[in-house]
Every structure is written in structure tokens, then in C-alpha cells.
1. With r as the distance between the Cβ atoms of ARG21 and VAL62 and R0 = 25 Å, compute the FRET efficiency 1/(1 + (r/R0)^6) and round to 0.05.
2. Can you grab the distance from the C-alpha centre of the range 10-25 to the C-alpha centre of the range 51-83, Å, no decimals?
3. If I compute solvent accessible area with a 1.4 Å probe over the protein chains, what percent of it on the range 15-75 is carbon and sulfur?
4. With the cut-off at 1.5 for a/c, could you classify the range 4-69 from its C-alpha gyration tensor as rounded, prolate or oblate?
5. How much accessible area per residue does the range 13-88 have, in Å², with a 1.4 Å probe?
6. R0 = 41 Å: FRET efficiency of ASP38 with SER72, Cβ-based, nearest 0.05?
7. Between ASN50 and PHE87, what length in nm is gained on full extension when 0.36 nm per residue of separation is reduced by their alpha carbon distance?
Amino acid sequence: FFFYFSFYMFWPLQTEYIYDRKCEDYGYHDMDLCYKDDKVSSNVSQLTTNLSLAISLPSIFVTMFFGSIMDSFGRKLVMVLSAITYFLAIFCFYIVCQLILVLF
């Protein structure tokens, strides 16, 4: 429950952050105008799709590895490891966002 809750709470924030960075790249200061621009929307859509693929494709290979671990140690360890690594990924994303906002 908490894993999917955090995933679905994190995804809109990530998309919003990408929009914010792309609006800055295109020189928009008004977010309403930026959201209406087709170039920005298509660029954000492409980045979001690429990010989704970058998250999903490695999971195919990790699943094979975790499958063999489940056979040896049980499901609980794999579920805990998956949740911990996902929370670490969110934490790293948060740290990177804070550093970028402070530096720029």
C-alpha cells in the first residue's frame, strides 16, 4: 500500500518539476502560457515517457534476479528490498531537485 501510495504521489511532482525546468529553458516566466505551448508540452511528454521507460526496463532484469532470491530467502525480503530502493530513489530525486534549485 505505502509503496504504491508513494509512487502515485511522486509521479505528478516529478512531471511538475520537469515542466518547471522546461519552462525556464524556453524562457517562460508565466506558467499558464508555458502550459499552453505545444513545444514545451511535447518536450515534457517525451521526457516523461523516456523516464518511464528508464524506470521500467531495468525492472525486467531485476525481476529475474529477485526471482532467484525469492526462491532462496522468501518473498518478504524481496518486497522490503524493493520498497527500500524505491524510497531511496525518491530521496535522491528530492536531493537533486533541492541542489538544482539552490544552485540555479
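The values are calculated or read from the model by the stated rules, or taken from the named source; none is laboratory data. Quick caveat: nothing in here was measured; it's all calculated off a predicted structure. All Cβ positions, glycine included, derive from the backbone under ideal geometry; neighbour counts span all protein chains shown. Areas reflect the complete protein model, heavy atoms only, side chains present, ligands, DNA and RNA absent. Shrake-Rupley method; radii C 1.70, N 1.55, O 1.52, S 1.80 Å.
1. So, using R0 = 25 Å, E works out to roughly 0.35.
2. Between the Cα centre of the range 10-25 and that of the range 51-83, the gap is 28 Å.
3. About 60 percent, which is the carbon plus sulfur part of the accessible surface.
4. In terms of gyration-tensor shape, prolate.
5. Values: 5530 Å² over 76 residues.
Each residue of the range 13-88 exposes 73 Å² on average to a 1.4 Å probe.
6. Numbers: r = 52 Å, r/R0 = 1.26.
Plugging the Cβ-Cβ distance into 1/(1 + (r/R0)^6) gives 0.20.
7. Answer, rounded to one decimal: 11.3 nm.
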